[in-house]
Amino acid sequence: MTESDIHRPIQSIGIYRAEHLRVVNGANLGDGFGPTDDLMLDDIYRLSPLAMQVPLGLVSHGATPFRIAADSATGTPGADIHLDCCVTFMCGDGQTTEALVLVETDPRGDIVAVYVLPLAAMDARVDYVLVEISADTALSKFAQVACVSFTRGTMITLASGEQRRVEDLSVGDRVLTRDDGPQALHWIGHTTTRAVGAFAPIRIRAGTLHNANDLLVSPDHRLFIYQRTDRLGAGRAELLVKARHLVNGITVTRLTGGFVDYFQMLFDHHQIIYAEGIAAESMLVDTRTRAALPQDLSDRLADLPPHHGDASHPDIEVDESLLSRPDAADLLRKSSGR
């Protein structure tokens, strides 16, 4: 990892190693999952009973490919990671499951390893028929996973103090931000997706973090916490915490099933805004998320990504290891008590 990578956003994704997803019937019988050129439609795959999703840390550095983070539990630190394709499986009940295929390469460009990022839960007892392979949609699908999003009905605090549902906001509306006061909304995006796997929203029940009502956000959405006492042991007062790291099955839960409406809010700079009374981040434009923008907007923002992440606060993001305890949300509520 280069010195500049230290200040770039890192995303941790849960992947399966290719050898843990093998063909049990079809042209590639016995083979593990491979890159696009090695895949055959109608091959039937099964996940090994011993397979476990392991974290792969990725660094966004201005252009694809991505780079494996220095502290990643998987892969070679500093190696390039390419988004190869998006695949669709069909199960016996007719349900479809999508997954992204990522390829690690060495300095010569040779393939070192292949990883599978499922976009919905996979079961070792289920057969998965490969029905579609798309190289064109991989980046946009990955962008949707990386985007921080609020769900329909989330109340956003405007500069005037008014609370307004996120779906009722318009470009130009002035929203209250923590660091820069009133700021005009540059763009608002909307996607509807199945609430499964990486797209299943996290619900933070009212009062859990001093929020007025239940707050539902995308799993990687970061919440800003100001600690008056450092009960968590983070060593600092200001924290950014990913919603999925707070899941405890009681006050913070993952809602799976049906469909969810996600809304992304973009300002001229990455901001901390207020949703249901909680300080939470706006969309950050970087290599991972840019593909989620409409093409015309992406073209107009050609100069935005180098500056947009300046306030992404990677130095105050809390490592998951500090939050791997059932009382993490309770500790944060007590430490930020008003």
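The values are calculated or read from the model by the stated rules, or taken from the named source; none is laboratory data. Only a predicted model underlies this, so the values are computations on that prediction, with no experimental measurement involved. Using ideal geometry, Cβ is built from the backbone for each residue, glycine included, and neighbour counts are taken over all protein chains shown. Each accessible area value is taken on the protein alone, full model and side chains, heavy atoms only, with ligands, DNA and RNA left out. Shrake-Rupley method; radii C 1.70, N 1.55, O 1.52, S 1.80 Å.
Of all residues assigned to region 101-111, at least one qualifies as being touching a Cys at 6+ places or on another chain (Cβ under 8 Å) and buried (at least 21 other Cβ atoms within 10 Å of the Cβ). Among the residues of region 227-240, write down those that are of a type in the set (A, V, I, L, M) and outside any strand (DSSP E or B). Once the filter is applied, which keeps residues that are of a type in the set (A, V, I, L, M) and outside any strand (DSSP E or B), region 227-240 yields 232, 234, 237.
Does any residue of region 217-226 turn out to be modelled with pLDDT under 90, within 30 Å of residue 101 (Cα to Cα) and either assigned to a strand (DSSP E or B) or open to solvent by 50 Å² or more (accessible area, probe 1.4 Å) (or both)? No, that holds for no residue.
The residues of region 165-199 that are charged (D, E, K, R) and touching a Leu at 6+ places or on another chain (Cβ under 6 Å) amount to a single one, 173. Taking the condition surrounded by 20 or more Cβ atoms within 10 Å (Cβ to Cβ) and among the hydroxyl-bearing types (Ser, Thr, Tyr), does residue 229 pass? No, not satisfied. Restricting 129, 114 to residues that are in contact with a helix residue (DSSP H, G or I) (Cβ under 6 Å, 6 or more places away or on another chain) and part of a strand (DSSP E or B) narrows the list to 114.
Here the condition is being out of contact with any Gly (no Cβ under 9 Å at 6 or more places or on another chain), among the charged types (D, E, K, R) and either more than 15 Å from residue 102 (Cβ to Cβ) or buried (at least 17 other Cβ atoms within 10 Å of the Cβ) (or both); of 67, 46, it holds for 46 alone.
Can you say whether residue 80 is surrounded by 15 or more Cβ atoms within 10 Å (Cβ to Cβ), touching an Asp or Glu at 6+ places or on another chain (Cβ under 9 Å) and farther than 25 Å from residue 124 by Cα, as far as the supplied structure shows? Yes.
Is it true that some residue in region 120-135 is open to solvent by less than 50 Å² (accessible area, probe 1.4 Å), under 17 Å from the mean Cα position of the chain (by Cα), touching a residue at least 12 places away in the same chain (Cβ under 8 Å) and under 30 Å from residue 223 (Cβ atoms)? Checked region 120-135: at least one residue is open to solvent by less than 50 Å² (accessible area, probe 1.4 Å), under 17 Å from the mean Cα position of the chain (by Cα), touching a residue at least 12 places away in the same chain (Cβ under 8 Å) and under 30 Å from residue 223 (Cβ atoms).
Residues are listed down the side, and each one gets a yes or a no for (1) within 16 Å of the chain's Cα centre (by Cα); (2) at pLDDT 95 or above; (3) acidic (Asp, Glu); (4) within 26 Å of residue 286 (Cα to Cα):
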site: 242; (1), (2), (3), (4): yes, no, no, yes
site: 246; (1), (2), (3), (4): yes, no, no, yes
site: 264; (1), (2), (3), (4): yes, no, no, yes
site: 268; (1), (2), (3), (4): no, no, yes, yes
site: 271; (1), (2), (3), (4): no, no, no, yes
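Condition first: of a type in the set (Ser, Thr, Tyr), outside any strand (DSSP E or B) and open to solvent by less than 50 Å² (accessible area, probe 1.4 Å). Can you find one or more residues in region 87-98 that meet it? Give the steps one after another, and end with the answer.
Step one: list which residues in region 87-98 are of a type in the set (Ser, Thr, Tyr), which gives 88, 96-97.
In the following step, the residues that additionally are outside any strand (DSSP E or B) were identified as none.
No.
In region 136-149, of all residues being among the hydrophobic types (A, V, I, L, M, F, W, C), part of a helix (DSSP H, G or I) and touching a strand residue (DSSP E or B) at 6+ places or on another chain (Cβ under 9 Å), the one that is most open to solvent (accessible area, probe 1.4 Å) corresponds to 139.
Yes or no, residue by residue, for (1) among the β-branched types (Val, Ile, Thr); (2) under 15 Å from residue 275 (Cβ atoms):
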residue	(1), (2)
178	no, yes
185	no, yes
191	yes, no
198	no, no
203	no, yes
211	no, yes
219	no, no
224	no, yes
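Is it the case that region 310-326 has a residue that's open to solvent by less than 10 Å² (accessible area, probe 1.4 Å), modelled with pLDDT under 65 and of a type outside the set (Asp, Glu)? Yes, some residue in region 310-326 is open to solvent by less than 10 Å² (accessible area, probe 1.4 Å), modelled with pLDDT under 65 and of a type outside the set (Asp, Glu).
When restricted to residues that are on the phi > 0 side of the Ramachandran plot and either open to solvent by 50 Å² or more (accessible area, probe 1.4 Å) or among the acidic types (Asp, Glu) (or both), region 234-257 contains 2. Exactly one residue among 46, 67 is under 26 Å from the mean Cα position of the chain (by Cα), in contact (Cβ under 8 Å) with a residue 12 or more places away in the chain, within 18 Å of residue 91 (Cβ to Cβ) and part of a strand (DSSP E or B), and that residue is 46. Which number in (1) in a loop (DSSP other than H, G, I, E, B); (2) open to solvent by 10 Å² or more (accessible area, probe 1.4 Å) marks the one condition that residue 260 misses? Of everything listed in (1) in a loop (DSSP other than H, G, I, E, B); (2) open to solvent by 10 Å² or more (accessible area, probe 1.4 Å), residue 260 misses just condition (1). Do we have residue 152 as over 30 Å from residue 16 (Cα atoms), in contact (Cβ under 8 Å) with a residue 40 or more places away in the chain and open to solvent by 60 Å² or more (accessible area, probe 1.4 Å) here? The answer is yes for residue 152.
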